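To start, the structure under review is shown below, and the notes come after it.
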Amino acid sequence: MPSVLIIEDEYALAAALATVVRRLGAEPVVAASGQGGLDKVSRHSFDLVLLDIGLPDMSGLKVLAEIHRLPKMPEVLIITAHGTLDNALEARRLGARDYFLKPLNLAEMQASLRSLLSPAADSSSTAARPAIADTPPDPTQAIMIGAAPGMQRAFAIVAQACANDAPVLLCGPRGSGKTLAAQVIHRNSARSTRELTAFRPDEWPTSEQEQALQVALTRAAGGSLLIEEVAALPLPLQGVLMRAQSAASGPNQARILATSSANLAEEIEAGRFREDLFYQLGVLQLTLPPLQDRVEDLPALAAYLLGRAAPGLELTISPESMACLKAHHWRGNVRELASAMQHAAAICRSAVILPRHLPEAVSSSMATESAGHLDATLSRALNVWLDQRLTGPETDWPDYDALLAHVEKQMLETLLARFEDKPTRLAAALNMNRATLRRKLRDLLARE
């Protein structure tokens, strides 16, 4: 019988994972700390390890580094409440098979466990594992910041892209960081010794685009080619790109990293983008969220961009200014935020960024953002959500309890993230009975 070591300090989650493992015909062994897990893995041979990064006594990455030194390393699946790019890259470097974000999708986790614990996986798992670099990548060359769920998912995919050589399609609104993500992937990949060649179709006259693309493909041979705003490629050049990629092979083939702010599904439907090229480029697909969907990242992002705008100065952002940043809609996304921080750094003559130092469009955001406005936004979002679920004949509608459970699940997931996925802390903060909260969490997990 296969054995699975679960290194997780949250009792409810560890119990749920143990149930899933038993359901798959394997024997679960639970450790509530990093040292406890290392003690068990030193005495017994496990087929698979489920490892939480946020352990009470040490980082799960330190545990993973010790497991990586074992003569026969088991498969490792990482679990984390707060994914960061550095964590995702380090986990991949140390040989972790996959990277799961809390709150866990247990159905997805079960599917991954089943594939790794099946007999057929024994012969293929070693070959499928990406090569591990001897030294960690340099994190100072390109930085992606974010704790929002959308960014955590993006970091996991970036780590996957760094560990293999497949084409990557990076989507998201303008200014969301697609080019930066492509740079991170290249700099942490096996092709990092070669320069990243960039090509943007709309920077060239129509008559010169094909020649410029051919030059870029030649220059990128054996390295990576970043095609920015690939939807701007005319249809004939899309065919040129397809044929060039199909003809190239081995070490001379350029790895394509393509970005798009356009909705490529709509472009395909309109006949402006080749469907076969979409599948060729989108072996791995990464979507970066707009800044308005990751407001919790604003303090860290703004501080970092302010430091970039004023190197050597210790500028801080006042609470009033941060409130303005959070109220602004950021149609230009991270690029607009970077511009706002440059503006503030240019005119501020003190150590604190006040609202008057921000661009007028940003500093005036608080005047239009009120509790009533936020309530209206929530009401609109709720109406859209209900419209999506209450369609078709009334006999097919979900019942009230199912609708309420879904809303409660979303709220609890958001609250848990704010308390580092610790139900005990959340219950204390909300003056809620701990047993009641754990029961709700258990019931919500059981619904998945």
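The values are calculated or read from the model by the stated rules, or taken from the named source; none is laboratory data. No experiment lies behind these values; they were computed from the predicted model shown. In this analysis, Cβ positions are derived from the backbone assuming ideal geometry, glycine residues included, and neighbour counts consider all displayed protein chains.
When you go through Leu70, Leu24, Leu48 one by one, which is the residue that is in contact with a Pro (Cβ under 6 Å, 6 or more places away or on another chain) and over 24 Å from Glu420 (Cα atoms)?
Leu48 is the lone residue from the list that is in contact with a Pro (Cβ under 6 Å, 6 or more places away or on another chain) and over 24 Å from Glu420 (Cα atoms).
Between a residue in segment 327-352 that is more than 27 Å from Met151 (Cα to Cα) and any residue that is in a loop (DSSP other than H, G, I, E, B) and polar (S, T, N, Q), which pairs come within a Cβ distance under 7 Å, given they are 6 or more apart or on different chains?
Val352/Ser318
Among residues belonging to segment 421-433 that are within 12 Å of Ala12 (Cα to Cα) and either in a helix (DSSP H, G or I) or in contact with a strand residue (DSSP E or B) (Cβ under 8 Å, 6 or more places away or on another chain) (or both), point out the one that is modelled with the lowest pLDDT.
Asp421
In segment 177-197, what residues are in a helix (DSSP H, G or I), within 13 Å of Ile256 (Cα to Cα) and not small (Gly, Ala, Ser)?
Thr179, Gln183, Ile185, His186
Answer yes or no: is there a residue in segment 231-239 that is in contact with a Ser or Thr (Cβ under 6 Å, 6 or more places away or on another chain) and at pLDDT 95 or above.
yes
Assuming Met151 fulfils every condition listed in (1) part of a loop (DSSP other than H, G, I, E, B); (2) at pLDDT below 90; (3) buried (at least 19 other Cβ atoms within 10 Å of the Cβ) apart from one, which condition is it?
(1)
Determine whether segment 71-79 contains at least one residue that is at pLDDT below 90, of a type outside the set (Asp, Glu), surrounded by fewer than 17 Cβ atoms within 10 Å (Cβ to Cβ) and not assigned by TED's automatic domain parsing to the domain that holds Asn188.
Scanning segment 71-79, I find at least one residue that is at pLDDT below 90, of a type outside the set (Asp, Glu), surrounded by fewer than 17 Cβ atoms within 10 Å (Cβ to Cβ) and not assigned by TED's automatic domain parsing to the domain that holds Asn188, so the answer is yes.
Any idea which of Ala323, Ala300 is out of contact with any strand residue (DSSP E or B) (no Cβ under 9 Å at 6 or more places or on another chain), surrounded by fewer than 16 Cβ atoms within 10 Å (Cβ to Cβ) and within 17 Å of Met151 (Cα to Cα)?
Ala300
How many residues are buried (at least 20 other Cβ atoms within 10 Å of the Cβ) and either in contact with a strand residue (DSSP E or B) (Cβ under 7 Å, 6 or more places away or on another chain) or farther than 27 Å from Glu195 by Cα (or both) when one looks only at segment 262-287?
Total meeting the criteria: 4.
Can you find a residue that is at pLDDT below 95, buried (at least 19 other Cβ atoms within 10 Å of the Cβ) and part of a helix (DSSP H, G or I) anywhere in segment 246-261?
no
Can you report the number of residues in segment 34-72 which are within 21 Å of Ala88 (Cα to Cα), of a type outside the set (A, V, I, L, M) and part of a loop (DSSP other than H, G, I, E, B)?
So the count comes out to 3.
List the pairs whose first member sits in segment 409-432 and is touching a residue at least 24 places away in the same chain (Cβ under 8 Å) and over 16 Å from Ala81 (Cα atoms), whose second member is assigned to a loop (DSSP other than H, G, I, E, B) and of a type in the set (Phe, Trp, Tyr), and whose Cβ atoms are under 6 Å apart, counting only residues at least 6 apart or on separate chains?
Hits for this filter: zero, empty list.
Looking at Ala88, is it crowded, with 19+ Cβ neighbours inside 10 Å, in contact with a strand residue (DSSP E or B) (Cβ under 6 Å, 6 or more places away or on another chain) and either assigned to a helix (DSSP H, G or I) or in the same structural domain as Phe419 (by TED's automatic domain parsing) (or both)?
yes
Being in the same structural domain as Leu113 (by TED's automatic domain parsing) and more than 26 Å from the chain's Cα centre (by Cα) narrows it down to one residue among Ala26, Ala16, Ala12; which is it?
Checking each option against the conditions leaves just Ala26.
Quick test for you: out of Glu314, Glu267, pick the one residue that is farther than 23 Å from Ala148 by Cα, charged (D, E, K, R) and at pLDDT below 95.
The match here is Glu314.
What single numbered condition from (1) more than 25 Å from the chain's Cα centre (by Cα); (2) of a type in the set (Lys, Arg); (3) not in a helix (DSSP H, G or I) fails to hold for Arg356?
Failing condition for Arg356: (3).
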